[in-house]
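**Student:** Sharing a structure, written as structure tokens. Questions coming.
The values are calculated or read from the model by the stated rules, or taken from the named source; none is laboratory data. On a predicted model such as this, the values are computed, not experimentally measured, just so you know. We place every Cβ from the backbone using ideal geometry, glycine too, and count neighbours over all the protein chains shown.
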Amino acid sequence: MTTGQHNRKEEIVTAAFQTLMDEGLPMLSYDAIARHGGLSRQLIRYHYPDPEELMIDLLDHMAGVYREAMIAEVTRLQGTDRLRCFFDFYFDMIEGNPKPRDNQAYDAAMSLATAHPPIRATLRGQYSLLGQVLSHELELQYPVLGIQGAQELSWLFVCLMYGHWKMVASLGFAETHRSVTRAAIDRLVESYLARPSQPETAPRIWHTTT
């Protein structure tokens, strides 16, 4: 490879990097949706002239599937069993009620959020709601945590849960790693119970900058 070719490749790679940083990945194509659904492109465009609206409805649909599955499990439990069920569900460890298989779709939506503020706001709202629900459960079961400690743990749970499934579903690491990540959640809770947060010096949790 000549010096000129090497320099040109570097320019292309740099431009590709900046494009991903600024624009993320392209939106779903209507043609691909029509092909997978056995629908006409015109029908899809009629109902969803704005592809962002379609993605937001898709995200709302996926969140609804989680909500229904969780309600089916949690409402029949009490005390710490509710919290354990919550953790187990999101790491797909409940027999007979598997976690929805949607990790690749969420990863794609995260990429789209880079360049589409409405999609970013929808995802942010969904993860924030998940965090607030978990924070409430943690505070009920472990009052010593206080609001700050419960919110910090909810933040760590969501980050670990999302990161775990990104590694497994998107990169192909074995699902058996879930036992490691799930056990880490218990250790985090134990560490916070042993050493609660200091609200006066702790950062605000679940707030945004944009």
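**Student:** With the requirement that a residue be assigned to a helix (DSSP H, G or I) and without any contact (Cβ under 8 Å) to a residue 40 or more places away in the chain, what does segment 187-199 give you? Even if it seems obvious, please write down each step before you answer.
**Tutor:** Filtering segment 187-199 down to residues assigned to a helix (DSSP H, G or I) leaves 187-194.
R187, L188, E190, S191, A194 - these are the residues of segment 187-199 that are assigned to a helix (DSSP H, G or I) and without any contact (Cβ under 8 Å) to a residue 40 or more places away in the chain.
**Student:** Give me the pairs, please: first residue somewhere in segment 102-125 and touching a residue at least 60 places away in the same chain (Cβ under 8 Å) and over 10 Å from P26 (Cα atoms), second residue anywhere and among the aromatic types (F, W, Y) and surrounded by 19 or more Cβ atoms within 10 Å (Cβ to Cβ), beta-carbon distance under 7 Å, and either six or more positions apart or on two chains.
**Tutor:** That search, which allows pairs on different chains as well, returns N103/W165.
**Student:** Then there's this: At positive phi, touching a residue at least 12 places away in the same chain (Cβ under 8 Å) and not in a loop (DSSP other than H, G, I, E, B): is that true of G146 in this structure? Let's see the steps before the verdict.
**Tutor:** Details: at positive phi: yes; touching a residue at least 12 places away in the same chain (Cβ under 8 Å): yes; not in a loop (DSSP other than H, G, I, E, B): yes.
Considered against the rule, which asks whether it is at positive phi, touching a residue at least 12 places away in the same chain (Cβ under 8 Å) and not in a loop (DSSP other than H, G, I, E, B), G146 comes out as yes.
**Student:** Follow-up. Which condition breaks for E95 when tested against (1) free of Cβ contacts under 8 Å to residues at least 12 places away in the same chain; (2) within 12 Å of the chain's Cα centre (by Cα)?
**Tutor:** (2)
**Student:** When you look at A34, is it small (G, A, S), without any contact (Cβ under 8 Å) to a residue 12 or more places away in the chain and surrounded by 13 or more Cβ atoms within 10 Å (Cβ to Cβ), yes or no? First the steps, then the outcome.
**Tutor:** Details: small (G, A, S): yes; without any contact (Cβ under 8 Å) to a residue 12 or more places away in the chain: yes; surrounded by 13 or more Cβ atoms within 10 Å (Cβ to Cβ): yes.
The answer is yes for A34.
**Student:** Which of the following residues is crowded, with 19+ Cβ neighbours inside 10 Å, part of a helix (DSSP H, G or I) and either assigned by TED's automatic domain parsing to the domain that holds E175 or within 13 Å of the chain's Cα centre (by Cα) (or both): L134, L140? It would help to see each step written out before you state the result.
**Tutor:** Working: L140 fails: crowded, with 19+ Cβ neighbours inside 10 Å.
Within the list L134, L140, the selection yields L134.
**Student:** Given the condition assigned by TED's automatic domain parsing to the domain that holds I205, charged (D, E, K, R) and loosely packed, with under 14 Cβ neighbours inside 10 Å, answer yes or no: does some residue in segment 106-129 qualify? Walk me through it before giving the result.
**Tutor:** Applying the first criterion (assigned by TED's automatic domain parsing to the domain that holds I205) to segment 106-129 yields 106-129.
Of the ones still in play, those that are also charged (D, E, K, R) are 107, 120, 124.
Keeping just the survivors that are loosely packed, with under 14 Cβ neighbours inside 10 Å gives none.
Checking segment 106-129: not a single residue is assigned by TED's automatic domain parsing to the domain that holds I205, charged (D, E, K, R) and loosely packed, with under 14 Cβ neighbours inside 10 Å.
**Student:** Which one of these is surrounded by 15 or more Cβ atoms within 10 Å (Cβ to Cβ), within 16 Å of D186 (Cβ to Cβ) and touching a Ser or Thr at 6+ places or on another chain (Cβ under 8 Å): L145, L83, L156? Give the steps one after another, and end with the answer.
**Tutor:** On the way: L83 fails: touching a Ser or Thr at 6+ places or on another chain (Cβ under 8 Å); L156 fails: touching a Ser or Thr at 6+ places or on another chain (Cβ under 8 Å).
Every option except L145 fails the conditions.
**Student:** Let me ask something else about it. Please give the number of the condition A202 fails out of (1) over 30 Å from E23 (Cα atoms); (2) in a helix (DSSP H, G or I).
**Tutor:** Single failed check for A202: (2).
**Student:** Sticking with this structure for a sec: Using beta carbons and a limit of 8 Å, which pairs, at least six apart or on different chains, have the first residue in segment 47-59 and over 13 Å from M27 (Cβ atoms) and the second one assigned to a helix (DSSP H, G or I)?
**Tutor:** Here the result reads L59/A109; L59/I119; L59/T122; L59/L123; L59/Q126, each pair linking segment 47-59 to a residue that is assigned to a helix (DSSP H, G or I).
**Student:** Right, here's the next one. Give the residue that is nearest to W165 (Cα to Cα), with candidates limited to residues of segment 70-92 that are without any contact (Cβ under 8 Å) to a residue 60 or more places away in the chain and under 16 Å from the mean Cα position of the chain (by Cα).
**Tutor:** Taking segment 70-92 first, the residues without any contact (Cβ under 8 Å) to a residue 60 or more places away in the chain are 70-78, 81-86, 89.
Retained after the next criterion (residues that are under 16 Å from the mean Cα position of the chain (by Cα)): 70, 86, 89.
Working: M70: 18, F86: 16, F89: 13 Å.
Of everything passing the filter in segment 70-92, F89 is nearest to W165 (Cα to Cα).
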